[in-house]
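Everything below concerns the one structure shown next.
The values are calculated or read from the model by the stated rules, or taken from the named source; none is laboratory data. These figures come from a predicted structure and were not determined experimentally. Here the Cβ positions follow ideal geometry from the backbone for every residue, glycine too, while neighbour counts run over all protein chains shown.
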Amino acid sequence: MLHGVDAAVTDSRTSRLLVATTNPGKLDEIRDILGALPLTIVTLADHPPVPEPEETGSTFAENARLKARYYADATGEVTVAEDSGLEIDVDRGAGNGALDGVGDRADAALAGHSGNQVGV
């Protein structure tokens with residue numbers, strides 16, 4: 001989700017983009033994707049500390065949009081963010097013997113886990 005893109009498109013002086021992540025791998029991925037654009041990419045480390053927003057969205061896309069708006073408001077920068085989480089598909093069929101209940105245990109163990117944020 002890109003927050004503030006209209007300003008970036010209409011104001012040719014805008015050349016900074018905040019990539020709101022603390023994950024170096026995600027930052028590298030986004031730099032690779034945006035590499036050809038005439039942008040100066042800045043990160044959260046280039047700003048005074050900002051507390052992380054609450055992730056109240058019901059989807060990864062909603063949380064990415066929330067983070068992008070939150071960090072854009074907090075920093076005044078055009079901001080890009082993403083939200084990645086961990087999803088595991090477990091066969092919940094009956095009669096798996098030793099595997100019975102594994103899906104429920106995995107769900108419990110992974111409850112609340114999500115990847116680092118990147119805002120767009």
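Against the definition (within 20 Å of PRO24 (Cβ to Cβ), hydroxyl-bearing (Ser, Thr, Tyr) and surrounded by fewer than 17 Cβ atoms within 10 Å (Cβ to Cβ)), how does SER58 come out, yes or no? It would help to see each step written out before you state the result.
Working: within 20 Å of PRO24 (Cβ to Cβ): no; hydroxyl-bearing (Ser, Thr, Tyr): yes; surrounded by fewer than 17 Cβ atoms within 10 Å (Cβ to Cβ): yes.
Judged against the criteria, SER58 is not a match.
Would you confirm, using the coordinates I've provided, whether GLY115 is at pLDDT below 60, surrounded by 13 or more Cβ atoms within 10 Å (Cβ to Cβ) and not hydrophobic (A, V, I, L, M, F, W, C)?
Working: at pLDDT below 60: yes; surrounded by 13 or more Cβ atoms within 10 Å (Cβ to Cβ): yes; not hydrophobic (A, V, I, L, M, F, W, C): yes.
Yes; evaluated as a whole, the condition is true for this residue.
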